[in-house]
Structure formats: structure tokens, C-alpha cells
2 protein chains.
Amino acid sequence: MTHQSTPAAAATIAPHTEMANCIRFLAADAVQAAKSGHPGMPMGMADVATVLYTRFLKFDAADPAWPDRDRFVLSAGHGSMLIYALSYLTGMPGMDMDDLRNFRQLGSKTAGHPEYGHAPGIEVTTGPLGQGIATSVGMALGERMAAARYGDTLVDHYTYVIAGDGCLMEGISQEAISMAGHLKLGKLIVLWDDNSISIDGATDLSTSDDHLARFEASGWETGRVDGHDPEAIAAAIAAARETDRPTLIACKTVIGFGAPTKQGTAATHGAPLGDDELTATREALGWTHGPFELPERALAAWRAAGARGADEHAAWRNRLEGADAALRETFLSTLSGDLPEGWDTALKAHIAGLIADAPTLASRVASQKALEALVPANPAMIGGSADLTGSNNTRAGGMTPVKPGDYAGNYIHYGVREHGMGAAMNGLALHGGFIPYGGTFLVFADYCRPAIRLAALMGTRVIHVLTHDSIGLGEDGPTHQPVEHLASLRAMPNVAVFRPADAVETAECWALALQNDTGPSLLALSRQGLPTLRKAATEDMPSARGAYVLAEAEGGDRRVTLMATGSEVMLAMTARDTLQGEGIPTAVVSMPCWELFAKQDETYRESVLGTGTVRVAVEAACGMGWERWIGDNGAFVGMDGFGASAPAPQLYQHFGITAEAMVAAAKARL
Amino acid sequence: MTHQSTPAAAATIAPHTEMANCIRFLAADAVQAAKSGHPGMPMGMADVATVLYTRFLKFDAADPAWPDRDRFVLSAGHGSMLIYALSYLTGMPGMDMDDLRNFRQLGSKTAGHPEYGHAPGIEVTTGPLGQGIATSVGMALGERMAAARYGDTLVDHYTYVIAGDGCLMEGISQEAISMAGHLKLGKLIVLWDDNSISIDGATDLSTSDDHLARFEASGWETGRVDGHDPEAIAAAIAAARETDRPTLIACKTVIGFGAPTKQGTAATHGAPLGDDELTATREALGWTHGPFELPERALAAWRAAGARGADEHAAWRNRLEGADAALRETFLSTLSGDLPEGWDTALKAHIAGLIADAPTLASRVASQKALEALVPANPAMIGGSADLTGSNNTRAGGMTPVKPGDYAGNYIHYGVREHGMGAAMNGLALHGGFIPYGGTFLVFADYCRPAIRLAALMGTRVIHVLTHDSIGLGEDGPTHQPVEHLASLRAMPNVAVFRPADAVETAECWALALQNDTGPSLLALSRQGLPTLRKAATEDMPSARGAYVLAEAEGGDRRVTLMATGSEVMLAMTARDTLQGEGIPTAVVSMPCWELFAKQDETYRESVLGTGTVRVAVEAACGMGWERWIGDNGAFVGMDGFGASAPAPQLYQHFGITAEAMVAAAKARL
């Protein structure tokens, strides 16, 4: 339901300003109605957004998912009403005036910050500052990589970002800027809302950066415009589209533009203007329309802007239909996210070979072997590492690096930029057509945790390859030894944390990670060698149930259940040998993925956990969360503090993570 | 025990080179002996380090803790043998040749990465890249702040950093650089090991940044030298000491300098050179000494360098003795870390007032009121926020901001730089004389998690004020609502996570945080109002035991125990009313700090937890870890996924976090 007032008063206002004011008042009125929100940013950037959406942004409001649309990322996500207003004004289906009225209410599409999948026109969930600009680098890279694969006739679009002062102060912005400049992502254009205000007040309270010089130092073009001068904005964007470097345009704006006593101050940043100020703003801007009412002429102009791309969209469809059939098929199937026919054929053969050969391999090495089987069969897979390629074993044979100006490769040297990598992977996945995976040490998952969280929130398929997953890495010591990381990542909703015990499980977990298309998967992998424990071939993949009985008790009813993940499963197997040798029927449960196990039915879970038996868990990590599986009377063998620097075997002894400790714990409870 | 060979062969080598080669071979031989480590960096930066330690660094090896020493931070911590070699060569007590022989062995002082407190000369634990340079900003700021308080005669030292390419690629470096430039920390000098190599290979695989231009954009002076030309290095350092801006000196070096076939390549970065290459390196550099053997002349020269500062140290001691008695007393007592006489007098009065008045306050507001009582009595306290001052309520009345060139204030506007703030707080604490606290939203603890981890590892007293601690923040939605953060932070060793239930507990938790001088404390605080629940005055602080019975069961033996933290304790109290009303004796346990509770004796814990009663816990967060307190038959009322955007009361209903849910869960188990 839309509400339109008569255009009488508006007739004296220039169309651009009238259109921009539609954004301003939708934002200010929605925030006022919600009694919370951020009016200042949409009011300040309304002119820039109007120029972008009416003159440049390639999109077809009737189909916001058109694959070759330009991407628009609102990195300053607190200004969410800007994007909701634009989606409504341009006529995107599924965004009605009632949605704007329900801003920030339970169940509405118009959440406090833009959430991917909740409403049309939202390319990425934003709000945590800096994430949007960093994700956009992955999107812009995805565009170039897709163009290299499918040609400019199918893939040729820009990525536009609106970023605020806060985005640019976050360290992740530097990682993103540096990556984009190095890779010469010329179709990435960042519009900086240069309003000199952050929450604490003027930005000069805390920063003196010359951002333009900083971006230039990373190979960007830069420009500076009056963010309220539509022709200047248009000229700057037009120039930005012509260079082969990414461009930053500093748009000097007045935050809360139009609010007579509050504009230009932090007071407009994160609170409603208030009834009086809002009334005064209407007077100051000559706006005679009530809340959620729009002048007919402006709305019509906006709707025309929303239809601007329809012809181009149709032409693109024609080009797609005329394209080479095999190319089109690959293009569409990778975009769909479905794994291709035969995606796991080589992997299954690889698993059969592992079971036959029973090699001893570090799971990071086993991971590389799994990749050798998967990457050739899955063209959407894009590898990479944050400068630990040889340690993470992320580069399978035949993978070629993505380079500045040459985007045909499928391996990305992300540099020492874990956070930027996490966000870029999100962007590649969101762009569509790619399944990115990237490596670092498990301990440095902390560096990219905010990006992992956004992937979980958005349901994005990205795969983090996290090697050196315990004190088993040895001499590098406690700064590099994860202790709390498994627990802290398992605590995060919608994240699948895999910790495989041997090469067979590693291959299975890779398959499960690829199949998990509703959120991020993390693979925790060892530096040290692990024997193959799975000796028998199975029809399905036992790892798919999250936990399973690897070795059943023998010689009577099970009395002890030993549970473990990853590199400690072999210790559990040794402990089982001892207990069985003493006539105590003992089972070993391998638990490569808690999240998948938690989803199994209770009967299965009980059968695996061995309710009523003595339960002992071992993991070279802190015990938080294990109580769920071992129960009140169970025992946990693991870490209760930070690690140390020494050869790995000594550390396991030193911290008492041994088969002997498991045996003792079990026997003490029998 | 030292081993010295005759100086015959060395006599033909210039003293500087001979001294630098001592570092090179101690590093290469120790890595070779350990069969792991990073020889390339110490070999490459040996000349720079030699110039710094022999000509500039103000220190007295006999007393590495002299408060007015220059600070030296090895941000590229993987090159740890550089710092161990320097500590040994200059003659610091407690660093013997046997310590170098035991590099990376269990129990040795010479861990894989430098660990604060393990050996002399280590100012900060480093290894996670970028942390060292960011921590050094806090140290350099601490120096200026201490000088503003106690005068240049007592405090006047430089902070030198050696950083690598990896440190500069990490986003945290930008936050640190920006902060240092803004604050005009002219006595901060960064020596960049500009060797153009990272683990994956040449840095141009992943970056094209002009770092000098980037630093200049943030207000730094920059210089560029041949990192193997001692006079050029000396001239650059001398110039850097004369400016009022921080300085970056790019030292162009050859990684693994001297290794004939491996120098200048990634092969020297993270692996032993190998026996053959090491022999060839000895030949190439004319080094006739065996492993861990040093030429007498060079060692004597090094020891003389270590004693260089003794006179200056003595003069400083004289100035300290001659200083105003009150000033000296404050200087020494803040340095000692002890809280001053009467540090909690006002706080105790404040608590008494709260119990009498029983206000309803958000705990973030209660936190500010606690600060009003604490800050005036504790001059070491330094406040701040990552641009959320008004939301975090971190600025008490009378606090004045630290500004560029004016360091007398006690409040830091950290800007939108959570990670930089975390590291800077570590640096302020490590410098000595300060107890820093800083605010952001709990959800953004993820942005500074690596810095929190280092504080935990080092045992540094820093206090993170983390407000907006649940879905109770309401409309900002799931990007801003922490769900997994309490669990993920509780999982980290040596971190005290406080979540107070009302204004009284908030004040108590602040006192406990200040008293916790062996690690970081985190305060999770509500946005929404909370009633005062503690109605009776107590002799000691119940919060000090981590958990306690807030309301005992009445009318018979306790049958139900309701446990909660923070804003959910009031729900537990309501649920108790219902259960008591139905004749079910029910206690409420408030658990403001799990870590303190876990340290109590078992008798106390059992008495609080009510073993044998029905136990129900409530927390507006994910349940991981609660099994430990509720046991197999307990119930948890909380979140099992991300939050949503809506007014807070609706969210509590929507997610079923209610007194009714607690009552139902308890009754289902009776």
C-alpha cells in the first residue's frame, strides 16, 4: 500500500532534490516511528544515493537478483533506511510502504541493520563496521573472475559501496583496500560519506588520517566532491568508471542534512530527530507531505529509475540464450550453487584408496589430497591462504594464482590479511558462482571472527581451512596454539566445525563442507601426522552423522565410551586397547562435527554416546561444552590453560593428554 | 656458561659486522639445534638491531626493568632469537648460553615466540602479527602520559619497534598507525624489516602498497635506508629521534643475510638453514666459530654496550631520590600496580547508597556510577571507548581527554578501532603506571579478541567494558546482539568475565576487576534498565565468590535452584516468586563471574548450586558451558541461534526467555 500526496508544493523543487528528499523523509519518519535508528546518514547521503540509483546503478527493480546487476553495498549499515527507501522507491517487489512503517519491528523485513535475504536489494548483511567494504572486494573480484570465465557479454558489472568514517577507521578496511588496489579491481567504486562526524563527536577527536592519500598508497584513484552537488557527484562516478583502478570518492556531506538545529552534529547519528526537529526539517526543506507520504511526481521518477535497466536486462538474457551451451550450463549451474554431476566421484575413489593404503598423514596434508580430488571436479571452488599456503596445504596441483589484471586463476594469495580474507570469501560467495575456501592457523581464526560470524548470519557457503589446530603444532608455542578456539567457534550459531581424525574423515569432512550451503564450515586440521583409523569401507560417510562408533566394544556389553576428535582419536584407540586388554569392553566414538551430531535423533545419539557407560572425552583443547556429551559423571582429558613451546610429543605428556590418562579416568569411574 | 673462541679470524672483520654476526649465528645455530624456528629475520635485521642496541637504545642490562628504559618491541615475534641473542649478548641476568641452546624446548625461557615474563628484555609477547606494533602505540602513549604526570626528568624514553611485512599487512597496523599519528607520538620509532619476502614468497604476490606513503597519510615521518649499512641506519634513527611525529624507517634488508643459496628467499623464513647451508654461511661470512661460540672481542663489545646505560640509570635514580616526595610516592605506587590507600572507600559508600535507594539502572549506567566513585581515588585508571563513549558510559565526570601534544588527560577517544584499542590498552598496562579500561559493544569483542588473548597470556591488567550485552539491546538486531560471546570469552584461559545483575553487583565487579592484576577482566553490561536486587548490606562482596545465593528458598528444604547472570537474574527472581507461591521452595543464584566461582572450594560450590535440587539456568545467550552448572537433569533457558531486530521486551518473549519458561522447566523436572 503506498500513500501519495498531491505534488502541488513539490512542483517548485527541482526533481533531483525532491527525489533525494523522498529518501530523507522516509528515513527520518521511519526512525521516528520506530523510536530508534540512525537518520543522519541517509539524510546526508541522499543526494549521492539518488545520483547513483537514477543515473548509474545497473539494475532492474523487477528482478533484483539479475546476475549481471551492479552490486550496491551499504557498508555503513546503520543507515539501513537508505537502502530500504531505495528498494521501495525503485519498486522492488516485496518492499512495501508498510515494511518501512514497520522499521525495526519484530518479523519485519526492515531490520535495524540490512540483513541479507530479508528484503530485496540487500547484497550483504552490514552493520559491524568495515565488513561491507571488505566484502565488496570479494564481490568485485568475483565479477572479474566470472568475467574471465564466461566473458564480458555475460558478466560486466560494477560494485558500488557507501562507507562511512567508521568503516574507514576499522583495520579491516586497510586489508580490503590493499587487496583491491593490488588486484586492480577497477570496477569497485567506494563512495565515502565524508561527514566528519562519528558517535563521540567530530572525527578529529580521534583521527587525522588523510584517507585519500592512504587509498592512493594502495593503488586507488581518488576524488573529492561536494556530496550535495548532484552534477559533481555524477562527474566523479563517471570518471571512476573509466579507470582500471578502484576508486574512492570522498563525498563531503552534512550528516542529518536538512535538520535545522541538529544537522552536522552527532545528535543525528543514532537517535530519532524528535517531533519538533522533524517538523522544522519539513519546513526547512519545503516538504509538505506527511510521514510515509510521497509526492506523486517524485515517486513516478523513482519508479522510472527502477525500470531503467529492464532493456539492458532483456538484452543480457538474449546474450545468455545465444551463448555457447556448455558455457551457459556451467555459468548457470555454478550460480545456482548446486554441486555438479560427478562432483565427488574422484573423492570417493580417493577415500577407497585411503582405506586400502592406511597412510599416516597430517590432516592438513590429507586435506590437500582431498582437494586434489575435489578441485578439478568443482570449478566453483576457489582456494587461497592468508600467506600460509605451504603450511595450510591449501593449494592443490594445477591451481593457478589470481593476479592483477589476470583473473582466470583459482587460487588467491590473500596476504597476511585473515580478516580481509574472511570478508572477501563472503563476497565471492555472495557474488555467486564461487565456493571459496581459505586457510590460516586455527589460532588466527580470532583475526577473522567477525567475518565468520557474518557468514553464519547470512548463511553463506565459505570454508575456512584452519590448520595447526592444537598444542600438536609444537614449538611455536602458546601464541600459536589454539586452546579455546574449538569451543569458541562451536558456540557460534550456524557454523559447522569439523575436526577430522584421519585422512578418511578429512576427505569426508571436505565433502560435507561442500554440501553445507547454508553457512560456513570450518576444518580444524593437524600439523602432526595421524594414522588412518578407519579401516573398513562404508556405503555412506559416517562423518555425516557428526559422531559415530569408530570401534565398538568387544567381549561383552560396552562399559566404557571414549570420545575424541581429530588428533586425539588415536589416543582413544590406544586407551581402548589397554582397557579391552584388561577385559573392559570399550568403544571409541569419533566426533568430527558436533553440530551435525546434535541434529541426529535421540536414539542414534544415545547409541553412540553410550548412556549408562563410563564416558571419557579427550581433546587437546579446553573442555567447555564437553559436559554435554560426557554428562555429570564423565571425565574430560584436555587443556585447562594455555600451551607451551616444545616439541609436540613432550607437550602431550606435559599436559597429561595421553592414553594413560584416559585409561585412569575411565577406571576411576568403573 | 659462555663459550668463547679465540678472536684470531675475527680480527679481520670490522667490529660492527662481527657484532652483528654474533646475532646471525646465535640465531641460525639455535634454530638448527631446535630443528625449528625462523632464522631469516634475525639474520636480516642483525645490522639494524646492532646499531640500535649499541648506539641508541637506553637500557641498563644489569636492570632490564629500569622504569625509564627505552622500550624495544619485536613485533615480528617469529624472529625471537634476535631478542634472545640481544639479551644474552648485552649480559642481561637470567639469560645464559644454555638458554639459547634450549631454544624452543619444554620449560626453557626461550620459547618459539617471545613471551612476556619468561626472560629479560621481553616487553611484550609477540608472534600474532601486528600485535607488537599496536601494543607499542600504547607504550609510547604511556610514556607521554607518564611524562605529563611526573615530568621529563623521571620519564623520557623512546619506544622502538621492529616490524615485518606481515605486521604491516595486518589491519590492526592501520588502526595503530592512525592512532599514533593522530596523537603525535614522536618518540615511537618503527624499524620495518623491508625484505620483500613473506611465507608464500615475494610480497608482490599479494601486495603493492606504498607503506611509506601510507604512514605519511597518518602523520608519520618516514625514511628509507639500506638495512645493512650501519651508518645509514644510525643517521636515520638519529633523525627520527628529533621529530615530533612517529617515524617509520624502511630498512631494506636481505632475509637470511649471509646464507649463500637461501638468502633473499622464503626458504630462510620459517625453517632451519640445514647443516650444509649453515656451514656455507660460516664460510661466506668468515665465521670460524662453532655453534654457540662467540669471538671474545665481540662479546666484550656487546657487554660494554649492555653497560652503556648504567651511568644514565644512576643519574635517573638520583633524580628520583631528589624528586618531590608526594610525586615520587605516586610515581612508584602506580608503577607497582598496587591500588592506593582508600582506593575503594568511595565505592563502598556508593554500594551502601545503592542498597538503600534500590534504583533501576542499566548496568552500563551503573558502571558509570561506579567509575564516578573509583576514578578520583585511583589515578592509574585511564578510560576510553572505541567511539561509543555515550553508549558505553565509560567517561566519568571530571575525566579529560588525552589530545595530540597534551597527554595530561585520563580519557582516550580510541576511535572506531576496537582492535587497536585492545592492543593499546595492553601497551599502557605493560608500560606500567596505568590501569586502562576501554569500551565497545560486547558483540565487537570479536574485533579485539586477539588483543584480549594476548592480555590473558601475558597476565596483563586491562578492563574491557562491553555493553549492549544481549538481545536486550533491541532494535539494532542480530549483527549487534551477542549470543555466543559470553561462552567464547569464558572459554579463553585467564580471562575473568563479569556479568553483573544490578547496580550493586556492577560496583562489586568493578572492584574485583581492579583487584584482578593477573589478567584481563571483561564487564558485560546491559543497555536496558535493571532493578536493584541486592537489598541487604553485607560485610564482604558476595560477587567475589563468583556466584552466591541471592534469594534462599523459603518454607522448607530447597527443591529448585534458579541460576542466572546479568539482566536475567531479575527473571529468575520473578520465577522464584511464582514457584514459592505454589509452595515450591526455590533459591535464586546469581553468577556474575564463573571463573571466580570455579575457584571456590567444592563445599561452597555445592551449597550454592544445590546439588540434588532441580536446577534451571537462564541467560540470554547460547547455552554452551551451562551444563557444568546445571548437570544432566538441569534445564537451560536461553538462545539457540541469532537474535532479531525488535524492541527488547518483544525479543525476550519471542525467544522464550521468560520467568514463565523457567517455571515450566522447573516444574517439568520436579
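The values are calculated or read from the model by the stated rules, or taken from the named source; none is laboratory data. Everything quoted here is computed from the prediction, not taken from an experiment. Because the Cβ atoms are built from the backbone with ideal geometry, glycine has one as well, and the counts that use them run over all protein chains shown. Keep in mind that these areas ignore ligands, DNA and RNA; they rest on the heavy atoms of the full protein, side chains included. Shrake-Rupley method; radii C 1.70, N 1.55, O 1.52, S 1.80 Å.
Points worth noting:
- Those helices (runs of 4 or more DSSP H) of the range B:260-325 in which at least 1 residues are out of contact with any Leu (no Cβ under 7 Å at 6 or more places or on another chain), over 25 Å from B:His78 (Cβ atoms) and among the basic types (Lys, Arg), considering only elements entirely within it, cover B:296-307, B:310-322.
- Being at positive phi and assigned by the TED database to the domain that holds B:Val31 is true of B:Gly91.
- The set of residues from the range B:226-235 being open to solvent by less than 20 Å² (accessible area, probe 1.4 Å) and either at the interface with chain A (Cβ under 8 Å from one of its Cβ atoms) or not in a loop (DSSP other than H, G, I, E, B) (or both) comprises B:Ile233, B:Ala234.
- Within the range A:642-657, considering residues that are more than 8 Å from chain B (Cβ to nearest Cβ) and within 37 Å of the chain's Cα centre (by Cα), the one most open to solvent (accessible area, probe 1.4 Å): A:Pro649
- When A:Leu596 is tested against the conditions (1) in a loop (DSSP other than H, G, I, E, B); (2) more than 12 Å from chain B (Cβ to nearest Cβ); (3) touching a Gly at 6+ places or on another chain (Cβ under 6 Å); (4) not charged (D, E, K, R), the lone failure is (1).
- Screening A:Asp446 on (1) within 13 Å of chain B (Cβ to nearest Cβ); (2) closer than 27 Å to A:Asn378 by Cα; (3) acidic (Asp, Glu) shows it passes everything except condition (2).
- Restricting attention to the range A:478-493, the residues that are more than 22 Å from the chain's Cα centre (by Cα), of a type outside the set (A, V, I, L, M) and within 7 Å of chain B (Cβ to nearest Cβ) add up to 3.
- Some residue of the range B:501-520 being buried (at least 24 other Cβ atoms within 10 Å of the Cβ), touching a helix residue (DSSP H, G or I) at 6+ places or on another chain (Cβ under 7 Å) and within 14 Å of chain A (Cβ to nearest Cβ): yes
- Single condition A:Ala213 does not satisfy, out of (1) away from chain B (no Cβ under 11 Å); (2) surrounded by fewer than 24 Cβ atoms within 10 Å (Cβ to Cβ); (3) in contact with an Asp or Glu (Cβ under 9 Å, 6 or more places away or on another chain): (1)
- Residue satisfying condition, being out of contact with any His (no Cβ under 9 Å at 6 or more places or on another chain) and either within 17 Å of A:Leu86 (Cβ to Cβ) or within 14 Å of another protein chain (Cβ to nearest Cβ) (or both), within set A:Ala111, A:Ala119, A:Ala134: A:Ala119
- Residue-level check: of (1) open to solvent by 10 Å² or more (accessible area, probe 1.4 Å); (2) within 19 Å of B:Glu418 (Cβ to Cβ); (3) part of a helix (DSSP H, G or I), B:Arg527 misses just (3).
- Test result for B:Arg319, basic (Lys, Arg), open to solvent by 70 Å² or more (accessible area, probe 1.4 Å), touching a residue at least 40 places away in the same chain (Cβ under 8 Å) and within 23 Å of B:Ser87 (Cα to Cα): no
- Spans of helices (runs of 4 or more DSSP H) in the range A:10-114 with at least 3 residues of a type in the set (Val, Ile, Thr): A:15-34, A:40-51
- The residues of the range A:620-641 that are in a helix (DSSP H, G or I), more than 8 Å from every other protein chain (Cβ to nearest Cβ) and open to solvent by 10 Å² or more (accessible area, probe 1.4 Å) amount to a single one, A:Ile630.
- Flag if B:Thr330 is of a type in the set (S, T, N, Q), over 31 Å from the mean Cα position of the chain (by Cα), on the phi < 0 side of the Ramachandran plot and open to solvent by 40 Å² or more (accessible area, probe 1.4 Å): no
So that you can scan it fast, the table gives a plain yes or no per residue for (1) open to solvent by less than 10 Å² (accessible area, probe 1.4 Å); (2) at pLDDT 95 or above; (3) farther than 14 Å from A:Ala85 by Cβ:
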residue	(1), (2), (3)
A:Ala8	no, no, yes
A:Ala14	no, no, yes
A:Cys22	yes, yes, no
A:Val31	yes, yes, no
A:Ser36	no, yes, yes
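- Out of A:Val616, A:Val663, A:Val569, sole residue that is open to solvent by less than 20 Å² (accessible area, probe 1.4 Å), of a type outside the set (Asp, Glu), at pLDDT 95 or above and within 19 Å of A:Val497 (Cβ to Cβ): A:Val569
- Some residue of the range B:344-354 being in contact with a strand residue (DSSP E or B) (Cβ under 9 Å, 6 or more places away or on another chain) and farther than 25 Å from B:Phe434 by Cβ: yes
Yes or no, residue by residue, for (1) open to solvent by less than 10 Å² (accessible area, probe 1.4 Å); (2) under 23 Å from B:Lys58 (Cα atoms):
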site: B:Leu106; (1), (2): no, no
site: B:Gly127; (1), (2): yes, no
site: B:Ala140; (1), (2): yes, yes
site: B:Ala163; (1), (2): yes, yes
site: B:Ile172; (1), (2): yes, no
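- Residue list for the range A:184-210, restricted to those being more than 9 Å from chain B (Cβ to nearest Cβ) and aliphatic (A, V, I, L, M): A:Leu185, A:Leu188, A:Ile189, A:Val190, A:Leu191, A:Ile197, A:Ala202
- Some residue of the range B:395-406 being within 14 Å of another protein chain (Cβ to nearest Cβ) and on the phi > 0 side of the Ramachandran plot: yes
- Residue satisfying condition, being under 22 Å from B:Thr506 (Cβ atoms), touching a strand residue (DSSP E or B) at 6+ places or on another chain (Cβ under 8 Å) and not hydrophobic (A, V, I, L, M, F, W, C), within set B:Gly638, B:Gly610, B:Gly631: B:Gly638
- The set of residues in the range B:236-263 being under 29 Å from the mean Cα position of the chain (by Cα) and open to solvent by less than 60 Å² (accessible area, probe 1.4 Å) consists of B:Ile237, B:Ala240, B:Thr243, B:Pro246, B:Thr247, B:Leu248, B:Ile249, B:Ala250, B:Cys251.
- Hey, B:Tyr158 surrounded by fewer than 24 Cβ atoms within 10 Å (Cβ to Cβ), within 12 Å of chain A (Cβ to nearest Cβ) and in contact (Cβ under 8 Å) with a residue 24 or more places away in the chain or not: no
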